[in-house]
Every structure is written in C-alpha cells, then in structure tokens.
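**Student:** Mind looking over this structure? Questions follow.
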Amino acid sequence: MKLAVLGATGGIGRHLVDLALADGHLVTAAVRDPARLPARHDRLTVVRADALDPASLEPVIEGADAVLSGIGQAGRTDPLKPASTSARAAATAMAAVGVRRILVVSAAPLNRSGVGQSFLTAKAFGPLLWAVLRDVYTDLEAMERVLRESDLDWTAVRPPRLTDRPGRGRYRHAVEAGPAGSTVPRADVARAMLDLVTDPTSFRHAVGVSS
C-alpha cells in the first residue's frame, strides 16, 4: 500500500514509519523538520508539511491508500489542540483529494462505558485520569467527534498507558471496548494501526488496544 504518516517523528509515528517499511509499503512521512527523519529508504519519501494545515497536507495525502496519524496532545495546556486540529485538517485534505481511510491514536479513558475494562479501571482509574488530564482527553474527544461527523472510513485506536519497551508484535484489541490491559508499548500501537488498515470491522469505530 501507499501510506501517509502524520506526526512521523513522534513516539508512535517513528514506529509507524519503520514497521510500514518493514512490511513493504510505500511511505510518505509528513514532518515539520525533515532533518529529524532522513530519507534513508528507497520506499520512504519525507515531506515538510504542517499537519494542522489542510493545504499543506494535500500533496502528502494525495494518492495514498490510507493516512495514519501519530499526532496527539503535546501537553495539558497546548493552545494548538493538535489532536483535534490535525484531524480536522486531515479530514479536509482527504476530502479534497479523494482519500477515505484514516487511523488515529486516541486514549483508553475515552471509553466512557467501561465495556471490556476492569471494574477498578472503569470506576476509579478512568475518572481519576479525566480529573488530571481533562484538557488532553477533551482534545482527543474533539478529534474523535471530527471523525465521527465526517464520511471517512476512520479508526481511533485507544491505548492505555504508553511505554517505550520493545514491541512484542502482538497485542489485544476490542472494537468499541477495552482495552483489557493497563499498558502497551508504542511499537505495538503502531503494529495494531498497520494491521487494522485493511480490517473493515474497525471502520468507523474506536478500538481498544493493549498488551
């Protein structure tokens, strides 16, 4: 496939690029600073682009089979609201160039129903995290709302606490539920996103992913 990766120099974005190349895909990586991601592979094209600007994203996304975004909230007080702003920019650019498939990274606490999670996670840890990180989750919630209101074939992957442990190449996932575990390596979130690109059961759904 031809894949466009947004946030390609971030924690999950770098894994998306590396794993997509290892899978044999063609990758166009959108970055603010190309020096941070040298074009070290003949199937990797690195493009300077602003992921918050639809016009900047159009040449990155045009012709892609899918867009994968590793962009999330940079901090609790980030005025740019990058998760929702980038989703809105991507949706606009995708509509302009006729690309329909997008996968984004959200977060486990957006599973407000608690389905597929332990009682402690649903009733104690989840509300506590919302109290501490409300601005972060509000931005992610707005991101998911942008996608739900679009006509795109979207998937929002909702991991729990992210770690930098080596990826195991396997994970648990549940559509509109979970995640069952409390942690997951960033590499395995990227693995899940790539696996779900062609999985129609994940289209227009949030998917919990954990170790």
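The values are calculated or read from the model by the stated rules, or taken from the named source; none is laboratory data. Fair warning: this is a prediction, and the values are worked out from it, not measured in the lab. Using ideal geometry, Cβ is built from the backbone for each residue, glycine included, and neighbour counts are taken over all protein chains shown. The area values use the complete protein model at the heavy-atom level, side chains included, leaving out ligands, DNA and RNA. Shrake-Rupley method; radii C 1.70, N 1.55, O 1.52, S 1.80 Å.
**Student:** Taking the simple approach of a point 7 Å from Cα along Cα-to-Cβ for both D65 and A22, what is their distance in nm?
**Tutor:** Those two pseudo-labels are separated by 1.9 nm.
**Student:** If you roll a 1.4 angstrom probe over the protein chains with everything in place, what fraction of the accessible area of the chain belongs to carbon and sulfur, to the nearest %?
**Tutor:** On the chain, the fraction of accessible area on carbon and sulfur atoms equals 54 percent.
**Student:** Once the cut-off is 29 Å, how many percent of the Cα-Cα pairs in the chain end up in the long-distance tail?
**Tutor:** It works out to 18 percent of all Cα pairs.
**Student:** Right, another one. If you fit an axis through the alpha-carbon atoms of helix 134-148 and take the longest principal axis of the Cα set of the chain, what angle between them do you get, 0 to 90°, nearest 10?
**Tutor:** So the inclination is approximately 60 degrees.
**Student:** Averaged over every viewing direction, what's the projected area of the C-alpha convex hull for the range 7-54? Give it in nm², one decimal, please.
**Tutor:** Here the figure is 3.2 nm², rounded to one decimal.
**Student:** Right, here's the next one. Per residue, how much accessible area does the range 142-191 have with a 1.4 Å probe, in Å²?
**Tutor:** Roughly 47 Å² per residue, with all protein chains present.
**Student:** Give me the accessible area per residue for the range 34-107, probe 1.4 Å, as a whole number in Å².
**Tutor:** That works out to 46 Å² for each residue.
**Student:** Next question. Would you mind getting me the FRET efficiency between A142 and H41? Use the beta-carbon distance for r and R0 = 41 Å, nearest 0.05.
**Tutor:** 0.75
**Student:** Here's something else I'd like to know. Relative contact order (percent) for the chain, with alpha-carbon contacts under 8 angstrom and 6 or more residues of separation?
**Tutor:** Once divided by the residue count of the chain, the mean separation gives 20 percent.
**Student:** With springs only between Cα atoms under 10 Å, which of A30, A95, A192 fluctuates most in a Gaussian network model of the chain?
**Tutor:** Evaluated over the chain, the most mobile residue of the options is A95.
**Student:** Tell me, what is a quarter of the convex hull surface for the C-alpha atoms of the range 146-206, in nm² with one decimal?
**Tutor:** Seen from a random direction, the Cα hull of the range 146-206 projects 4.3 nm² on average.
**Student:** While we're here: List the trypsin sites (Lys or Arg not before Pro) within the range 130-211 that fall in a DSSP loop (any state other than H, G, I, E or B) and whose Cβ has at most 10 other Cβ atoms within 10 Å.
**Tutor:** Here the sparse-neighbourhood loop sites are R170.
**Student:** Against the longest alpha carbon principal axis of the chain, how many degrees, from 0 to 90 and to the nearest 10, is the axis of helix 82-97 turned?
**Tutor:** The answer is roughly 40 degrees.
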